Amino acid sequence: MTETLLDVENLKVSFPTRAGIFGAVRDISFSLGRERLGIVGESGSGKSMTGRSILRLIQKPGIVEAKRIALHGENLLDLSEKQMRKVRGHRISMIMQDPKYSLNPVMKIGAQITEAYRLHNKIGKTEARKAALEMLEAVLIRDPERVFNAYPHEMSGGMGQRIMIAMMLIPGPEILIADEPTSALDVTVQKEVLEIMDKLVRERGMGLIFISHDLQLVSAFCDRVLIMYGGRIVETCRADRLHEATHPYTRGLLNSMPQLDNPKTYLEVLSRDEKWRDRPSVSGFYDGGDA
């Protein structure tokens, strides 16, 4: 990892319930450089909450606490809501789950993209339109003029994903948080969308946080991986060495996936240990000791 763009220390996200305070994210720390960082884990492990908390999108009664969430050394927790609106989209963008349904259904696609651009740049409509069409071309949309003037319901799932990627990247952010951006797509379209994201991130020198439940996808696409369980990071490793992971939870996830080169009659059932929730965040491969 080269230059550190984002530094998260002791992040906690909790919610009050009738049974007491529930910890959705429990004291996690990590850094992001100009790289592709994957965050994986089961549903409910705290992946999406981590991404949302970076942009301070957790609404009350949710509680976000951290020693710091620093963007180039500036603690985002110290900023006012007005200052945070200048960070969201312009410096850090986030693609939500199933992005097509994040689009405004009664607003034309071009108007939505240009709005995102003009919000952070003092330019006219003509220049914004030109930039939007160029961005649609950059995400490999063949007829950008037609798409620019269309409504979201006229687009397929794959087109919707590309449009959202264009909208999030047009302000020129340094960091992109992608929360399950390809989960609703077939394998062919998924590959195309990932190639677009990879190309744009590399060309712009951005940092990418790629949130997913698909370990095989993350191991092939990302540079580093954080594995989360019960709101904690239980293991951190290089993506290309994910198959060498040693934490029992990570091994369980890997062993529960079908493999074409090693077919099994029955897949292993993932076992869990509540003690993993109380283990502090770790870096490097799990040491194999008692959890």
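Structure notes:
- Subset tally (residues that are under 18 Å from Gly44 (Cα atoms) and of a type in the set (A, V, I, L, M, F, W, C)) for region 223-248: 6
- Residue that is nearest to the chain's Cα centre (by Cα) [pool: residues in region 1-20 that are small (Gly, Ala, Ser) and part of a strand (DSSP E or B)]: Ser14
- Given (1) under 19 Å from Phe210 (Cα atoms); (2) surrounded by 17 or more Cβ atoms within 10 Å (Cβ to Cβ), number of the condition Glu3 does not satisfy: (2)
- Test: residue in region 63-82 that is surrounded by 14 or more Cβ atoms within 10 Å (Cβ to Cβ) and within 14 Å of Met168 (Cβ to Cβ): no
- Screening Leu103 on (1) modelled with pLDDT of 95 or more; (2) within 24 Å of His213 (Cβ to Cβ) shows it passes everything except condition (1).
- Tabulated pairs, region 186-202, first under 13 Å from Gln161 (Cβ atoms), second surrounded by fewer than 18 Cβ atoms within 10 Å (Cβ to Cβ), C-beta under 9 angstrom, 6+ apart or interchain: Asp186/Gly157; Val189/Ser156; Val189/Gly157; Gln190/Ser183; Glu192/Leu140; Leu194/Ala220; Glu195/Leu140; Ile196/Leu140
- Residue in region 104-121 that is closer than 21 Å to Pro181 by Cα, surrounded by fewer than 16 Cβ atoms within 10 Å (Cβ to Cβ) and either touching an Asp or Glu at 6+ places or on another chain (Cβ under 7 Å) or not acidic (Asp, Glu) (or both) present: yes
- Just so you know, in region 83-100 the residues that are modelled with pLDDT of 90 or more and β-branched (Val, Ile, Thr) include one that is surrounded by the fewest Cβ atoms within 10 Å (Cβ to Cβ), and it is Val87.
- Candidate set: region 140-170, residues that are over 25 Å from the mean Cα position of the chain (by Cα) and in a helix (DSSP H, G or I); chosen: the one surrounded by the most Cβ atoms within 10 Å (Cβ to Cβ): Val147
- Counting only helices (runs of 4 or more DSSP H) that fall entirely inside region 21-139 and contain at least 1 residues that are of a type outside the set (Lys, Arg) and in contact with a strand residue (DSSP E or B) (Cβ under 8 Å, 6 or more places away or on another chain), the qualifying elements are 47-54, 81-87.
- Qualifying residue in region 172-185 (condition: out of contact with any Phe, Trp or Tyr (no Cβ under 6 Å at 6 or more places or on another chain) and in a helix (DSSP H, G or I)): no
The values are calculated or read from the model by the stated rules, or taken from the named source; none is laboratory data. Quick caveat, the model's predicted, so the values are computed rather than measured. Cβ: placed from backbone, ideal geometry, glycine included. Neighbour counts: every protein chain shown.
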